Amino acid sequence: MSGYGQPDALVEAAAALVAEAQRICVLTGAGISTDSGIPDFRGPNGLWTKDPAAEKASNIGTYLADPEVRRRNWERRAAGALWADVEPNDGHRALVRLQDRDKLHTLVTQNVDELHQRAGVDPARVVEIHGTTRKVQCLSCDYRADMEVVLERVRAGEADPPCLHCGGILKSATISFGQSLVPHDLQRAEQAALACDLYLAVGTSLQVFPVNETLPVAVRSGARAIILNGQPTPMDHLADIVLNADISATLPLICG
Ligand SMILES: [Zn+2]
């Protein structure tokens, strides 16, 4: 029952599914944050297309092996080159409405920008499946800190600040290429997919494994599904409604 009718009719139908739903699992990807000025990674204006050094730093092997990659990474962050002053947009705010209407079960995000929490979504409902760039973690012990705490050390002269507890290598608390997802986070995403009665995928190409698999899991267990994305996805055939439309303009119409 895929819908490819008139855009207005599809938006209305999507809003009706939201109105009926009681436990919504939302999955968001880069597309919801581009209107906040955060580039996606591999598009024509993507972060890695423009800055290959950033892609190098995102590979865990390179990051561990090459102090120079780490130094440049800290230097770039300390200079505020990465996402200083970004704010949530109407898309992020629309999802807060689902929480206000007591319909939001879990918000799983592939984004690492914390814009959902900044918009007002209860952090306890958010699963950051690829981590967050606003925090730092030690790769050897369980030390975690706000990114800003470590950037202060960089600005004070430490080019590659070590963990203060164990001397280990510090890294932004994101999942780099070559790193495994946090099992507990993946488990929460899967449980939300099983528990929800509506699965809403927003701004994601649904091509990043394994989190994309939560959509078929939800559909198989009886949930309805809406996909709102700029482009078609390989999972469109599984959704009740597919909207290829502007996200920050459309999401407020769907979320009420
Ligand atoms: Zn440590």
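The values are calculated or read from the model by the stated rules, or taken from the named source; none is laboratory data. All figures in this text were calculated on a predicted structure; none of them were measured in a lab. Heads up, the Cβs are rebuilt from the backbone with ideal geometry, glycines too, and the neighbour counts pull from every protein chain shown.
With of a type in the set (Asp, Glu), in contact with a helix residue (DSSP H, G or I) (Cβ under 6 Å, 6 or more places away or on another chain) and within 16 Å of the ligand (Cβ to nearest atom) as the only criterion, which of 160, 146 stands out?
Numbers: 146 fails: in contact with a helix residue (DSSP H, G or I) (Cβ under 6 Å, 6 or more places away or on another chain).
So the residue among 160, 146 that is of a type in the set (Asp, Glu), in contact with a helix residue (DSSP H, G or I) (Cβ under 6 Å, 6 or more places away or on another chain) and within 16 Å of the ligand (Cβ to nearest atom) is 160.
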Go through the residues of the stretch 119-138 one by one and say whether even a single one is within 16 Å of the ligand (Cβ to nearest atom), in a loop (DSSP other than H, G, I, E, B) and touching a Cys at 6+ places or on another chain (Cβ under 6 Å). no
Which condition number in (1) at pLDDT 90 or above; (2) touching a Lys or Arg at 6+ places or on another chain (Cβ under 8 Å); (3) surrounded by fewer than 22 Cβ atoms within 10 Å (Cβ to Cβ) is the one that residue 24 fails? (3)
Quick one: residue 185 ticks every box in (1) free of Cβ contacts under 8 Å to residues at least 12 places away in the same chain; (2) surrounded by 14 or more Cβ atoms within 10 Å (Cβ to Cβ); (3) away from the ligand (no atom under 16 Å from the Cβ) except a single one, so which number is it? (1)
Can you pull out every residue in the stretch 163-182 that is part of a strand (DSSP E or B) and within 10 Å of the ligand (Cβ to nearest atom)? 169, 170
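Can you name the residue in the stretch 78-99 that is exposed (fewer than 12 other Cβ atoms within 10 Å of the Cβ) and acidic (Asp, Glu) and is also modelled with the highest pLDDT among such residues? So that I can check it myself, show each step before the final result.
Let us first name the residues in the stretch 78-99 that are exposed (fewer than 12 other Cβ atoms within 10 Å of the Cβ), namely 80-81, 84-85, 87.
Pick out the ones that are also acidic (Asp, Glu) and you get 85, 87.
Details: 85: 71, 87: 92.
Across the stretch 78-99, the extreme among qualifying residues is 87.
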Just to verify a result, which residue in the stretch 218-251, among those that are surrounded by fewer than 17 Cβ atoms within 10 Å (Cβ to Cβ) and of a type in the set (S, T, N, Q), is farthest from residue 197 (Cα to Cα)? 231
